[in-house]
There are 4 protein chains.
Amino acid sequence: MTDFVKDPNFQELVVDTTIENRNDEGPMTLENFTKLMVQFYELGWMRGSGGAMGCISGSELMISPSALQKERIREQDVFVYNISQKTEVQRPPNKRITVSSCSVLFSLIMKETGSECVIHTHSKSANLITQFIKSSTFEISHQEYIKGIYDPFSGKCLKYSDTLTIPIIDNMPSESQLLEPIRGVLENHPQAIAVLVRNHGLFVWGPTWESTKIMTECIDYLLELAIEMEKNNFKLVNEDGYEKEDNLSEKMRTLLFSDMAPV
Amino acid sequence: MTDFVKDPNFQELVVDTTIENRNDEGPMTLENFTKLMVQFYELGWMRGSGGAMGCISGSELMISPSALQKERIREQDVFVYNISQKTEVQRPPNKRITVSSCSVLFSLIMKETGSECVIHTHSKSANLITQFIKSSTFEISHQEYIKGIYDPFSGKCLKYSDTLTIPIIDNMPSESQLLEPIRGVLENHPQAIAVLVRNHGLFVWGPTWESTKIMTECIDYLLELAIEMEKNNFKLVNEDGYEKEDNLSEKMRTLLFSDMAPV
Amino acid sequence: MTDFVKDPNFQELVVDTTIENRNDEGPMTLENFTKLMVQFYELGWMRGSGGAMGCISGSELMISPSALQKERIREQDVFVYNISQKTEVQRPPNKRITVSSCSVLFSLIMKETGSECVIHTHSKSANLITQFIKSSTFEISHQEYIKGIYDPFSGKCLKYSDTLTIPIIDNMPSESQLLEPIRGVLENHPQAIAVLVRNHGLFVWGPTWESTKIMTECIDYLLELAIEMEKNNFKLVNEDGYEKEDNLSEKMRTLLFSDMAPV
Amino acid sequence: MTDFVKDPNFQELVVDTTIENRNDEGPMTLENFTKLMVQFYELGWMRGSGGAMGCISGSELMISPSALQKERIREQDVFVYNISQKTEVQRPPNKRITVSSCSVLFSLIMKETGSECVIHTHSKSANLITQFIKSSTFEISHQEYIKGIYDPFSGKCLKYSDTLTIPIIDNMPSESQLLEPIRGVLENHPQAIAVLVRNHGLFVWGPTWESTKIMTECIDYLLELAIEMEKNNFKLVNEDGYEKEDNLSEKMRTLLFSDMAPV
């Protein structure tokens, strides 16, 4: 048995991991959008017509419809808007179908962070963890999946021993009333790539749909794990192991995301 | 990055949410009926041949068969009855196959509330929550999914801070013996859109199959969440946050549902 | 809205539920056998190549192979044996593939009870409940899914308030060593339609494959529920509600099953 | 009803179980590789682009790509390397896609043990159990699924009453830093077929992809069960029942695996 990893030819298969790697599948399509809705339903993120996704693909913005069963959405049910020409590209034939009430939040998040995708889930873990954590931030450190989270300051992923911080805001009667609290999160937590809404769910944003989906899965895993840790009195943050990030600089904020945003 | 949500053209994509929005998929079909049975099986609602659905589509009433494995039901296995002409449209070729024993309950609920669909699940959460809650009502407030529940008095959805109340009745040896307890629920809880049957399961009804399915998913989520809340001594109802509904009027009851009922 | 259930034509859709109703799908086929293996894998019953099924279809006996991944079994991988002619009908092309080591147990159970199907699962609930219940029987009463369990004495289903009793035996190093303990169960618990093997799994048998599958799902639900009940100190058996079965007679044992057995 | 198991013809269907039985599906293919990625995603093992698999098929080594969503991997995304000729056979068209960072670990494990397959999961159970078990080994005995684990010393499976031991190592900032700890595991625990990485996941290796997948499922089941046992203060190891393995001999180590390795 050869130790293949030392072959020069094998080593050529390995390159540095950079953020561009993540965007292999190309721009979002309507076919993929509706398939992702089914997948998110099956993951328990979009039951009861809940949850939403907004995604920029080239000059087009795609947003899920409101109140429709997410696992049954057809391509024609997705709202498509040209953000360069500021024109409607497509809307559901049934004019009474409304664009997701999260649109106002997606617009703010995309504008402020340069993100091209926002995913909003009604994951049970996202809801329940906000009942365990009474403070205004969820924090966890020393977990492998933290390495799946981008840091908008550095454009790289967090390290295993970093502390992932997700702000928690209180829920409001309507989605639009979450606008100001989320604006506060974006201002006060410039490193944040997600926010938990108490008794409601989770918003995650990132430079591409692939990275946003991957981060949402990483966070959902960490939230579900954290609930078990809370129940068994395991500490979420290992203080001793915390490595202070020293290249954190506010002026770097959103630089990377903005560079990648096509609009 | 533009703040698209303020474009006049984008704003035209947004309209007021009304109840009619929900009914985009049109009338129930046999194909959809059997697909929903598979989906409900996979959600854990109809294991062991349990659970049932009754649905009015135009002048036809479709009801699932009794005792058959719900994930294997074919279109020909669904009972179809013309409620205008009072005639059988279709029944399973095997004459020994019986219509769901829930028929008597579905008939009562549809008649009394004007609902066009009733879904009966054997969800584990629906069963277990009735062992945590010893009183005769399950109540929860301040949860986003409460906004997925219709209020038959107002024809609108409940608000986030409203208290969702689901009556709990004791189980009986046979489904038909649940008739009088459910009649009592409909009389004493006119706002109810669901009832829990202790150690058994859940019944949910609504104006369309889409709204009924959506509400069943919302309630199932809330029941599963409530079990975790009970285990961890979190309060299900936030008394301080309770907003008294002031337009509740018994004479408005079922008006909306009746208007929509085609028969 | 009419109260359809009182229409004479609708009432004709309802007939007495008898045991024959359950057998609508007809005899087991190789296609269905392999589909069921996939389904049982997805239910968590047959992970890691574990679990097995034996089923009589006409004069043929079908048994799953040993050690193969159950969700990947092809029709040609199923052992088929003609029990009338005592001849091999089919075996996997790869002669090293062995018939399930449960064969010896299936043979005993089918012979002693007249059952045409035995399902053996490695469900996690079946394993864990045997760690909660230290005694030699699992008992639960007052659960709707108890109505899904046949009573071989009466040929009818148990009642809601009946106590379902499933004997628990200790595991042994090899499947064949379970032969005598299972023989003991069949002798001492003639009403049993299932046995739990501690730290191992569950065996369920019944007159047809449909009824056996339905019962396995009902029992799996009850075991998972019972674990939650044990954790929260809810009583599994409601003594007050116990209704003594008075037509239990040992001479009636297996009569029904034997009548239906084609061999 | 005949007792078929005693028929001479039926008995011919039964042969001794040997390790060769397990390898019925033949060599790994790209089609199967990508299907397994989907399956592992659905099992919760490879969320958020996590997890990896390396597999030798004839003279080819197949390894999953890094950072891509595992449930969306296409055949062209799998790295294929000829280990005899030491040449690249295939790599993703997008040259920025990197081979799994686990390659270095897979290479070590395959070289040291003669294994042809390594599966790396990010199962939640694998993570959480390392928080319950503070020591450096996970141990469990008297569980049926222990019989699904191969013993590289004997070339046979463990017995029901054996103690399965899985070493636990601490996580490191990068996968390559796990190289020395895993080398230590291979040296100090020559019987090991798996290692847990604290707050990260699980590595499992075996003579074929089939046996490795089966063992990973068995271990995942045991870990999930063990978490429930820990929560309820059930002992993982039954000391009294421990049967000392007496044919354990270090010189036999990897003999079997090496014999089967084609390279």
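The values are calculated or read from the model by the stated rules, or taken from the named source; none is laboratory data. On a predicted model such as this, the values are computed, not experimentally measured, just so you know. No Cβ is skipped: glycine too gets one built from the backbone with ideal geometry, and neighbour counts run over all protein chains shown. Surface areas here come from the heavy atoms of the whole protein model, side chains and all, with no ligands, DNA or RNA. Shrake-Rupley method; radii C 1.70, N 1.55, O 1.52, S 1.80 Å.
Overview of results
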| read-out | value |
| --- | --- |
| Qualifying residue in region D:217-224 (condition: over 20 Å from A:LEU225 (Cβ atoms), surrounded by fewer than 17 Cβ atoms within 10 Å (Cβ to Cβ) and modelled with pLDDT of 95 or more) | no |
| Scope region B:106-116; condition open to solvent by less than 10 Å² (accessible area, probe 1.4 Å), assigned to a loop (DSSP other than H, G, I, E, B) and more than 7 Å from chain C (Cβ to nearest Cβ); matching residues | B:SER115 |
| Complete set of residues in region C:144-183 that are within 18 Å of the chain's Cα centre (by Cα) and polar (S, T, N, Q) | C:SER154, C:THR163, C:THR165 |
| Residue list for region C:165-210, filter: free of Cβ contacts under 8 Å to residues at least 12 places away in the same chain and within 12 Å of chain D (Cβ to nearest Cβ) | C:MET172, C:PRO173, C:GLN177 |
| Residue that is nearest to the chain's Cα centre (by Cα) [pool: residues in region D:38-58 that are more than 20 Å from A:CYS157 (Cβ to Cβ) and open to solvent by 40 Å² or more (accessible area, probe 1.4 Å)] | D:LEU43 |
| Subset tally (residues that are in a loop (DSSP other than H, G, I, E, B) and farther than 19 Å from D:HIS142 by Cα) for region C:171-203 | 5 |
| Residues (acidic (Asp, Glu) and over 18 Å from D:PRO173 (Cα atoms)) located in region A:147-179 | A:ASP170, A:GLU175 |
| Considering residues of region D:86-105 that are polar (S, T, N, Q) and within 15 Å of D:LEU179 (Cβ to Cβ) only, the residue nearest to the other protein chains (Cβ to nearest Cβ) | D:SER103 |
| Qualifying positions in region D:186-211 - surrounded by fewer than 23 Cβ atoms within 10 Å (Cβ to Cβ) and either under 18 Å from D:SER107 (Cβ atoms) or among the basic types (Lys, Arg) (or both) | D:LEU186, D:GLU187, D:ALA192, D:ARG198 |
| Complete set of residues in region C:59-72 that are assigned to a loop (DSSP other than H, G, I, E, B), in contact with a strand residue (DSSP E or B) (Cβ under 9 Å, 6 or more places away or on another chain) and open to solvent by 10 Å² or more (accessible area, probe 1.4 Å) | C:SER59, C:SER66 |
| A:GLU230 vs. criteria in a helix (DSSP H, G or I), open to solvent by 40 Å² or more (accessible area, probe 1.4 Å) and either modelled with pLDDT of 95 or more or away from every other protein chain (no Cβ under 12 Å) (or both) | yes |
| Filter pass, B:ILE119 being more than 11 Å from every other protein chain (Cβ to nearest Cβ), closer than 17 Å to B:ALA194 by Cβ, among the β-branched types (Val, Ile, Thr) and open to solvent by 10 Å² or more (accessible area, probe 1.4 Å) | no |
| Residue match in region B:7-23 (condition: in a loop (DSSP other than H, G, I, E, B) and at pLDDT 80 or above) | yes |
| Selection from region C:81-105 of residues that are surrounded by fewer than 18 Cβ atoms within 10 Å (Cβ to Cβ), assigned to a strand (DSSP E or B) and in contact with a helix residue (DSSP H, G or I) (Cβ under 8 Å, 6 or more places away or on another chain) | C:THR87, C:GLU88, C:GLN90 |
| Candidate set: region B:125-162, residues that are of a type in the set (S, T, N, Q) and surrounded by fewer than 22 Cβ atoms within 10 Å (Cβ to Cβ); chosen: the one farthest from the other protein chains (Cβ to nearest Cβ) | B:THR137 |
| Scan of region C:166-180 for residues that are surrounded by 17 or more Cβ atoms within 10 Å (Cβ to Cβ), at pLDDT 95 or above and not hydrophobic (A, V, I, L, M, F, W, C), ordered by number | C:PRO167, C:ASN171 |
| Filter pass, B:ILE119 being farther than 18 Å from B:PHE234 by Cβ and in a loop (DSSP other than H, G, I, E, B) | no |
